[in-house]
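Asker: Here it is, the structure, as structure tokens.
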Amino acid sequence: MKALFPKNLITCWDQAITRSAGIVLATHVNPDGDAVGAMTGLGLFLRQQGYRVTCICPSPYPGFLEFLDNGKNVLVFSHQKEEVLRAVDEANMLVAVDVSGLLRMEELGDVLSESRAFKVLMDHHIDPVMEDFDLVFSTPQVSSSCELIFRLLSAWKPKAVFSKEQATAFLTGIITDTNQFANSVYAETFNAASLLHRWGADSETIFSQVYQNFTLNRMHLMGYALRNIRVLPEYGAAYIVLTRDVLEAFDYRNGDTESFVNFPLAIKGIHISALFLQKEDHIKVSLRSKGAIAVNGIARQFFNGGGHYNASAGKMEDAPEKIEELLKEALGTIIA
Ligand code: 5GP
Ligand code: MN
């Protein structure tokens, strides 16, 4: 595989980790397949190298990712505060994965920023928050954090043997972040996927756990979402709104709306899609686009968020009735 990072950065990492007794790995709120795959895969690899590692999510991961945490070792900050605070207190190295800065870990980010441990970032988002970390491995020129970390570990320990569990974890993030190899794929992405397959990555398990593991309620919620796509032809855009009433009617569970934001992009002539998910005190906004249309600018400017060129997110505080007006205003700035 092509080197992603210069040798001196890998030497820094090697020197820092050699001094580390306790290592904490942490990722973003509402962790997805890439976040959990990257964290658990890296955790398993570092444990295999003899390190003491604790993995922490700020909020629970969806049930369809449980297969990545067989031993139920991942701590969830919102539910296990004491254990998390103890692990952070005992750690002298913190590694943040699949986030550009500590802010996206919400309250857990505050805890980590107060720690005096050596802080490392491994991520693929644009604009890493350099001042949050002592050492940064970050480039958007990869499919996922899983690809980045697998390539980084391969460069760090060229003779390492990856286990089936580690390979499966890393392949999960590559598959989910690329939307099954549909976007953000580079030549090296297929190369990494091929190598992970050779290490025994179990793609059948990944597909059956991630994509064929739904409740009937979730399928019906999908039906509702599809029937209620609203099209804005003048902007080449379409969007879906799921209010709390609707979510409750379908017995919504964390992760049930995963990938819904992609549905409108399947419509001919639609290049931008949005999903509005009403939470307790705000509306979560997900944005996707095709090709040369960037959505991270409007995520930043209108929805207090950010993200990748074609996949971004943020939130809005207004009532659901304001959605279309705000979306049109935002779209007006990118569609001439
Ligand atoms: P999703 O719609 O899947 O929740 O998020 C899409 C992408 O947007 C994520 O991969 C992440 O890069 C980015 N993102 C999500 N939420 C936020 C946020 O609150 N702030 C920023 N800056 N980026 C976000
Ligand atoms: Mn990711």
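The values are calculated or read from the model by the stated rules, or taken from the named source; none is laboratory data. This is a predicted model, so every value here is computed, not measured. Counting neighbours? That spans all protein chains shown, and the Cβs are built from the backbone with ideal geometry, glycine included. In case anyone asks, the SASA skips ligands and DNA or RNA and just uses the protein heavy atoms, side chains included. Shrake-Rupley method; radii C 1.70, N 1.55, O 1.52, S 1.80 Å.
Asker: Identify the residue in region 301-315 that is of a type outside the set (S, T, N, Q) and near ligand 1 (Cβ under 7 Å from one of its atoms) and, among all such residues, is farthest from I126 (Cα to Cα).
Answerer: So in region 301-315, the residues of a type outside the set (S, T, N, Q) come out as 302-303, 305-309, 311, 313-315.
Filter again for near ligand 1 (Cβ under 7 Å from one of its atoms), leaving 305-308, 311, 313-315.
On the way: G305: 13, G306: 9, G307: 7, H308: 7, A311: 12, A313: 14, G314: 15, K315: 19 Å.
That would be K315.
Asker: Okay, next question. So which helices (runs of 4 or more DSSP H) are wholly in region 67-166 and hold at least 1 residues that are under 15 Å from T27 (Cβ atoms) and within 16 Å of ligand 1 (Cβ to nearest atom)? If you could, list the steps in order and put the result at the bottom.
Answerer: On the way: elements: 81-90, 107-114, 145-156.
Filter on region 67-166 gives 107-114, 145-156.
Asker: Can you pull out the helices (runs of 4 or more DSSP H) entirely within region 196-308 that have at least 3 residues that are β-branched (V, I, T) and out of contact with any His (no Cβ under 6 Å at 6 or more places or on another chain)?
Answerer: Where helices (runs of 4 or more DSSP H) fall fully within region 196-308 and carry at least 3 residues being β-branched (V, I, T) and out of contact with any His (no Cβ under 6 Å at 6 or more places or on another chain), they are 203-211.
Asker: Just checking, does region 319-331 include any residue being in the same structural domain as E234 (by TED's automatic domain parsing), closer than 21 Å to H124 by Cα and either open to solvent by 10 Å² or more (accessible area, probe 1.4 Å) or small (G, A, S) (or both)?
Answerer: Looking through region 319-331, none of the residues is in the same structural domain as E234 (by TED's automatic domain parsing), closer than 21 Å to H124 by Cα and either open to solvent by 10 Å² or more (accessible area, probe 1.4 Å) or small (G, A, S) (or both).
Asker: So, one more: For S78, only one of the following conditions fails: (1) in contact (Cβ under 8 Å) with a residue 60 or more places away in the chain; (2) of a type outside the set (D, E, K, R); (3) more than 20 Å from I174 (Cα to Cα). What is its number?
Answerer: Condition not satisfied by S78: (1).
Asker: Hey, another quick one. I'm trying to understand the selection: among the residues of region 230-262, which are within 20 Å of I335 (Cβ to Cβ), out of contact with any Ser or Thr (no Cβ under 9 Å at 6 or more places or on another chain) and open to solvent by 20 Å² or more (accessible area, probe 1.4 Å)?
Answerer: Matches in region 230-262: R230, V231, P233, E234, Y235.
Asker: So which residues in region 153-179 are within 16 Å of ligand 2 (Cβ to nearest atom) and open to solvent by 20 Å² or more (accessible area, probe 1.4 Å), if there are any at all? Spell out the reasoning first.
Answerer: Within region 153-179, the subset within 16 Å of ligand 2 (Cβ to nearest atom) is 169-179.
Across region 153-179, the qualifying residues are T176, D177, N179.
Asker: Condition first: open to solvent by 20 Å² or more (accessible area, probe 1.4 Å) and away from ligand 2 (no atom under 16 Å from the Cβ). Now tell me which residues in region 116-128 satisfy that. If you could, list the steps in order and put the result at the bottom.
Answerer: First, pick out the residues of region 116-128 that are open to solvent by 20 Å² or more (accessible area, probe 1.4 Å): 116, 118-119, 125-128.
Answer for region 116-128, where residues must be open to solvent by 20 Å² or more (accessible area, probe 1.4 Å) and away from ligand 2 (no atom under 16 Å from the Cβ): R116, F118, K119.
Asker: Would you check if A274 is open to solvent by less than 20 Å² (accessible area, probe 1.4 Å), within 26 Å of T176 (Cα to Cα), within 16 Å of ligand 2 (Cβ to nearest atom) and not assigned by TED's automatic domain parsing to the domain that holds T178? Reasoning before the result, please.
Answerer: On the way: open to solvent by less than 20 Å² (accessible area, probe 1.4 Å): yes; within 26 Å of T176 (Cα to Cα): yes; within 16 Å of ligand 2 (Cβ to nearest atom): no; not assigned by TED's automatic domain parsing to the domain that holds T178: yes.
Against the criterion (open to solvent by less than 20 Å² (accessible area, probe 1.4 Å), within 26 Å of T176 (Cα to Cα), within 16 Å of ligand 2 (Cβ to nearest atom) and not assigned by TED's automatic domain parsing to the domain that holds T178), A274 does not qualify.
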